[in-house]
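The values are calculated or read from the model by the stated rules, or taken from the named source; none is laboratory data. The model shown is predicted, which means the values in this text are computed figures rather than measured ones. FYI the Cβ positions are ideal-geometry reconstructions off the backbone, even for glycines, and counts take in every protein chain you see. Ligands, DNA and RNA are stripped out before the accessible areas are found, and what is left, the full protein with its side chains, is counted by its heavy atoms. Shrake-Rupley method; radii C 1.70, N 1.55, O 1.52, S 1.80 Å.
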Amino acid sequence: MNTIVVKPSSKPLNRDWTISKKSEKSVFNITESVKTNVTSPEVVCDSDNDVNRKEKNIDDNNIQVLWSDFRDNTTMHGLKYANLNQRHRLRCCIWAAALVAMACSLIYTTYEQVNNYFEYPTILNTHVQTQTSVKFPAVTFCSASPLKKQALPNIPHLEYFFLSHSVISSNVLHPPLNLSVSEYAKYHLPINASWVKDTANQIEELFLVCKFDGKDRICKNDIEAIITPVGVCYTFNSRNYVSKNGHIMTSQTGSTSGLLLYLIVNQNNYVYNEIMTAGFKVIIHDQNDEPDVIDKGFFVSPGFSTFASIHKTEYQYLPRPYKMNGDQFCVDTKSPDYKNPLQYYDVYSKTACRMECKQNHVITICGCRSPNDKGNYTICSLGKWIECYKVESERFDQNGTVQGMCPCLTECEYNEYQARLSTGYFPAKNYETIFNELGLTNIREVLLELVIYFESLGVLKVEQKPEYSLEDILGLLGGQMGLFLGASLLTLTELIEFILLSSVVVGRQMYRRIFKKP
């Protein structure tokens, strides 16, 4: 390799230069008029080459060198063309503008994607899962008249007292009793704690026949009395029953299987209350959920055969930080760290939480509790029960603002049952004589048939899932980087390396300046 070395002459500059070529291994020596043969070294003249850094006095730790090395070797497309040292400055400016525009677009889209990710958006996945057998739900029955007239205590004009405060009451036709009269002193005494059970209908007075999957069942063994806001109700396949005997499973569908009941409607013992219906209110619910006897369920009436085909829906929502139904969070009752905040209910549910919140709210105002409430507070007198507790309870049900003050969140996992009803005349005339032989008369007024069954064993599952996983957000960011800059995660590694090395250089320079080191 022949290299031209230019040596300045030690003599004054003379324009009479001579150029001589001695041999192949000689070099051209441009001097004043002296001709010298110099051995040719293997040196490549490159202003940017690391070999010439010493001649240029460039520090290996110079940021400009680091930037040049990063710019010329990075995998980021187009950065090497944004070099001011190249011949075409316009080309450099165009590439620099394009890089800045793409970088800004990348930053904006990355910010939007990351911000969207930390809002934790979700999607609902709905599908039907067919099972070979399904757990039968709990079924709660509440008589339209929770109080039995024959069991009422001996209090003057008590039946008229209930009439004057019933749904059909009228201040003109049924004016309320003047409880300030000494005759009604018992209306101001606290109700006995045994009031609820003493005045309630007994199970044998309501249930005539119980069958499940075509087999006879003993009603007393399968049905449990519970106290609800409307009084004593009865639950088939309750939580206590399941804990002792296990779940009742069904693998059959159709009206010939499931739960078959013949219920007695003893209207002669009805007491005036908030409804004028004769029959039963039926609430189908999960064992872990308290029956909402006020807002949910359906009525069955005497003289009719009611078929209720049910479908099960399982809901599975994600716990915090994911949201459900807008801005609400759910309660992860399945978490091992979860503690039930309710005082009167062993298992948390939104229904139980609202019932307890309502009870505490009304007790705070009236200073006493209803005989249907849980807890150890003093039970209200009949007068206080009607004049304060009943009024405030209705206000709570009608005031959405007050209800919103209850910190009752929905469980992350819960089950619901939807029922589709069909009815028929009951009983057919040819069966009336059979019932008459059993001592039952006026069948259409006192008896009803109820069949509850699964129409299919398919369970509708509603699952909430994250819209973005960590893998998704990395894939989106990688796609954005490749689209705008042709970069990858390795490119980020290169950039981080350049920043770290530059920081080290700046640190060294500041250290030298502070301590006056050369």
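Applying the Kirkwood pairwise sum to the alpha-carbon positions of the range 107-221 produces a hydrodynamic radius of 21.1 angstrom. Rounded to the nearest 20 debye, the dipole size of the range 270-342 about its Cα centre is 120 debye, using +1 on the Cβ of Lys and Arg and -1 on the Cβ of Asp and Glu. Projected onto their three principal axes, the Cα atoms of the range 345-426 cover extents of 43, 41, 26 Å, largest first. Using only the C-alpha atoms, the convex hull of the range 249-373 corresponds to 194 Å³ per residue.
Given Cα positions, please report Rg to Rh for the range 197-259, the hydrodynamic radius being the Kirkwood one. Numbers along the way, then the final one.
Numbers: Rg = 13.1 Å, Rh = 13.1 Å.
Radius of gyration over Kirkwood radius for the range 197-259 works out to 1.00.
Rounded to the nearest 20 debye, the dipole size of the range 396-518 about its Cα centre is 1520 debye, using +1 on the Cβ of Lys and Arg and -1 on the Cβ of Asp and Glu. Distance from the C-alpha centroid of the range 252-323 to that of the range 332-397: 22 Å, rounded to the whole angstrom.
How many percent of the accessible area of the range 102-165 is carbon or sulfur, using a 1.4 Å probe? Write down the numbers at each step before the final one.
On the way: 1930 of 3440 Å².
Carbon and sulfur atoms account for 56 percent of the accessible area of the range 102-165.
Put simply, the C-alpha atoms of the range 136-194 give a gyration tensor, and the ellipsoid matching it has half-axes of 28, 17, 9 Å, longest first.
Would you mind working out the accessible area per residue for the range 101-204, using a 1.4 Å probe, and quoting it in Å²?
Numbers: 6010 Å² over 104 residues.
Accessible area per residue, the range 101-204: 58 Å².
For GLN398 and GLN328, the difference between the fully extended length at 0.36 nm per residue and the C-alpha to C-alpha distance is 23.0 nm. Of the whole protein surface, THR126 contributes about 80 Å² of accessible area at a 1.4 Å probe radius.
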